[in-house]
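Following: one structure in structure tokens, then a few remarks.
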């Protein structure tokens, strides 16, 4: 298979495994779109690894496979042939992406294997920062977003807040799987958590307003987060009921509007 065939396979993986990120990536230009599809496919593969089996040891082995793949990419030796790993290695080399966020993202997903709650608020926010935050920062770098530390930190903060919104939407499904996604699942606790995330999201957005318009597609995967967080602050009961967010038609219209105006 050619590199373009691999990228097309990555896009199919994202389309089926993370349709909201797929739609946001489709608003990017050709080269940037390819980069986002590769990164998002990596995220799909890593994030699903803990969920494909009830056996923790097997799930640990699946995550170890990705730890080893990242090791190969960054140590300069032979890289295993794989429809995601191969184009990811190419992307890392071309864009000089850092290793630490990849390691942190895979390591954080170990929490998904087990059914213990987060140890506290700090542990929950660290998980979101390493997963959704780290992915957003990598996406920002992959499309050639501003390279200064402040912009990169803002992108990670924005992604972390978006991850909080996504977590709130996923609460019913996670609880049905006997997971404890929130430290405080009371109405007051949910509202406070959403308020903290919303404050972080707004602060990050202000810092990212100067990002070049073509590069904002890397930030657009969180296009629904602000509305979700506002809902959760006002009506935390919607979280447990699985009623956060817009209709599918409303989601697409919102994204189309942002893509047309260069928003995120």
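Assorted remarks:
- Computed extension gain for residue 192 through residue 61, at 0.36 nm per residue and net of the alpha carbon distance, reaches 43.5 nm.
- The relative contact order of segment 3-261, computed from alpha carbon pairs under 8 Å that lie at least 6 residues apart in sequence, is 19 percent.
- In the chain, the DSSP-assigned H stretches of four residues or longer account for a calculated mean residue ellipticity at 222 nm of -21500 deg cm²/dmol, using -39500 (n - 2.57) per stretch and the full residue count as denominator.
- Highest GNM mean-square fluctuation among 239, 143, 79, for the chain modelled with Cα contacts below 10 Å: 79.
- One chain, two ends: residue 260 and residue 122. Fully extended at 0.36 nm per residue, the span grows by 45.9 nm beyond their Cα-Cα distance.
- Sorted by Cβ density within 10 Å, fewest first, the residues 131, 210: 210, 131
- Here the relative contact order of segment 1-95, from alpha carbon pairs under 8 Å that lie six or more residues apart, stands at 31 percent.
- Measuring r between the beta carbons of residue 99 and residue 230 and using R0 = 35 Å, the FRET efficiency lands at 0.45.
- All distinct Cα pairs of segment 3-261 go into the 1/r average, and the inverse of that average, the Kirkwood radius, is 18.6 Å.
- Mean-position separation - Cα centroids, segment 99-158 and segment 169-197, in angstrom: 19 Å
- Sorted ascending by nearby beta carbons within 10 Å, beginning with the fewest, 136, 256, 26 become 256, 26, 136.
- Max mean-square fluctuation residue, GNM over the chain, Cα-Cα springs under 10 Å, options 56, 87, 181: 56
Here, each number is a calculation from the coordinates, and none is a lab measurement. Keep in mind it's a predicted model, so treat the numbers as computed, not measured. FYI the Cβ positions are ideal-geometry reconstructions off the backbone, even for glycines, and counts take in every protein chain you see.
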